[in-house]
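Novice: This is the structure I have questions about; it appears just below.
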Amino acid sequence: VRVRGIHHLGLAVADLDDAVETWERLFGARVEHRDSLESQGVDAVSLLVGESRIELLAPTGEDTPVGRFLARRGPGIHHVALDATDVEGAIEELAASGVHVIDESPRRGLFGLEVAFVHPDAVHGVLTEVVSSG
Ligand code: CO
């Protein structure tokens, strides 16, 4: 799959506002967007850090994907998002090579982006998101 670069790193945090404050204070991060995905039980903030982007993810409850991640592994890196030119094409190419893609077709992710997730077992334990910045 053709990739332009890393679009963002997704970090699981327990307290969104506290994490935003930490990134602003320590690394001069600037808030780019705030969003929530009710279907995923997640509140999120995207931060611009220099030329790169961090996505902070906080669960709205324990029985949510990020809530379970925090309970199991604690706060930290949740996923890596790659900027691909064509999410649908990426899914097709990956699936055709036998890779376990979680999303069979692109779905609406945070911040209005089209996304698809690749199973961590296919990428050495790293949940990998494919997004297109357009
Ligand atoms: Co993401």
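Novice: Restricting attention to region 107-124, which residues are over 18 Å from R2 (Cα atoms), small (G, A, S) and within 12 Å of the ligand (Cβ to nearest atom)?
Specialist: G109
Novice: Show the residue pairs meeting these rules: Cβ distance below 6 Å; 6+ apart or different chains; first residue within region 13-40 and within 13 Å of L56 (Cα to Cα); second residue of a type in the set (F, W, Y).
Specialist: Close Cβ pairs (under 6 Å, with a partner that is of a type in the set (F, W, Y)) amount to A29/W23; H33/F111; D35/F111.
Novice: If you don't mind, another one. Among L56, L94, L127, L48, which is the only one that is within 18 Å of V13 (Cα to Cα) and away from the ligand (no atom under 11 Å from the Cβ)?
Specialist: Details: L56 fails: away from the ligand (no atom under 11 Å from the Cβ); L94 fails: within 18 Å of V13 (Cα to Cα); L127 fails: away from the ligand (no atom under 11 Å from the Cβ).
After applying the criteria, what remains is L48.
Novice: Only one of these is surrounded by fewer than 15 Cβ atoms within 10 Å (Cβ to Cβ) and among the aromatic types (F, W, Y): F69, F27, F111. Name it. Don't jump to the end; show me each part of the working.
Specialist: Working: F69 fails: surrounded by fewer than 15 Cβ atoms within 10 Å (Cβ to Cβ); F111 fails: surrounded by fewer than 15 Cβ atoms within 10 Å (Cβ to Cβ).
Selected residue: F27, the only one of F69, F27, F111 that is surrounded by fewer than 15 Cβ atoms within 10 Å (Cβ to Cβ) and among the aromatic types (F, W, Y).
Residues are listed down the side, and each one gets a yes or a no for (1) modelled with pLDDT of 95 or more; (2) touching a Ser or Thr at 6+ places or on another chain (Cβ under 8 Å):
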site	(1), (2)
R30	yes, no
A44	yes, yes
P59	yes, no
S133	no, no
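Novice: If you don't mind, another one. Filter region 4-17 down to the residues that are surrounded by fewer than 14 Cβ atoms within 10 Å (Cβ to Cβ) and either closer than 15 Å to V66 by Cα or within 16 Å of the ligand (Cβ to nearest atom) (or both) and list them by number. Lay out the reasoning, then the answer.
Specialist: Our first condition is that a residue be surrounded by fewer than 14 Cβ atoms within 10 Å (Cβ to Cβ); within region 4-17, this holds for 4-6, 14-15, 17.
R4, G5, I6, A14, D15, listed by residue number.
Novice: Does at least one position in region 70-80 carry a residue that is in contact (Cβ under 8 Å) with a residue 12 or more places away in the chain, closer than 14 Å to L16 by Cβ and within 15 Å of the ligand (Cβ to nearest atom)?
Specialist: yes
Novice: Given V31, V1, V20, which one is touching a strand residue (DSSP E or B) at 6+ places or on another chain (Cβ under 8 Å), more than 14 Å from the ligand (Cβ to nearest atom) and in a loop (DSSP other than H, G, I, E, B)?
Specialist: Working: V31 fails: in a loop (DSSP other than H, G, I, E, B); V20 fails: in a loop (DSSP other than H, G, I, E, B).
After ruling out the rest, the residue left standing is V1.
Novice: One residue is enough: does region 83-105 have a residue meeting the conditions under 15 Å from the mean Cα position of the chain (by Cα) and either open to solvent by 90 Å² or more (accessible area, probe 1.4 Å) or farther than 13 Å from E129 by Cα (or both)?
Specialist: No, every residue in region 83-105 fails to be under 15 Å from the mean Cα position of the chain (by Cα) and either open to solvent by 90 Å² or more (accessible area, probe 1.4 Å) or farther than 13 Å from E129 by Cα (or both).
Novice: Working carefully through the options T85, T64, find the one that is of a type in the set (S, T, Y) and modelled with pLDDT of 95 or more. Reasoning before the result, please.
Specialist: Working: T85 fails: modelled with pLDDT of 95 or more.
Exactly one of T85, T64 is of a type in the set (S, T, Y) and modelled with pLDDT of 95 or more, namely T64.
Novice: Among (1) in contact with an Asp or Glu (Cβ under 8 Å, 6 or more places away or on another chain); (2) more than 30 Å from G98 (Cβ to Cβ); (3) hydrophobic (A, V, I, L, M, F, W, C); (4) open to solvent by 70 Å² or more (accessible area, probe 1.4 Å), there is one condition V45 misses while meeting the rest; what is its number?
Specialist: The number of the failed condition is (4).
Novice: For L127, which of the numbered conditions (1) within 22 Å of F69 (Cα to Cα); (2) touching a strand residue (DSSP E or B) at 6+ places or on another chain (Cβ under 8 Å); (3) open to solvent by 40 Å² or more (accessible area, probe 1.4 Å) fails to hold?
Specialist: In the conditions (1) within 22 Å of F69 (Cα to Cα); (2) touching a strand residue (DSSP E or B) at 6+ places or on another chain (Cβ under 8 Å); (3) open to solvent by 40 Å² or more (accessible area, probe 1.4 Å), L127 misses (3) alone.
The values are calculated or read from the model by the stated rules, or taken from the named source; none is laboratory data. The model shown is predicted, which means the values in this text are computed figures rather than measured ones. All Cβ positions, glycine included, derive from the backbone under ideal geometry; neighbour counts span all protein chains shown. Just so you know, the surface numbers come from the protein's heavy atoms only, side chains and all, with ligands and any DNA or RNA stripped out. Shrake-Rupley method; radii C 1.70, N 1.55, O 1.52, S 1.80 Å.
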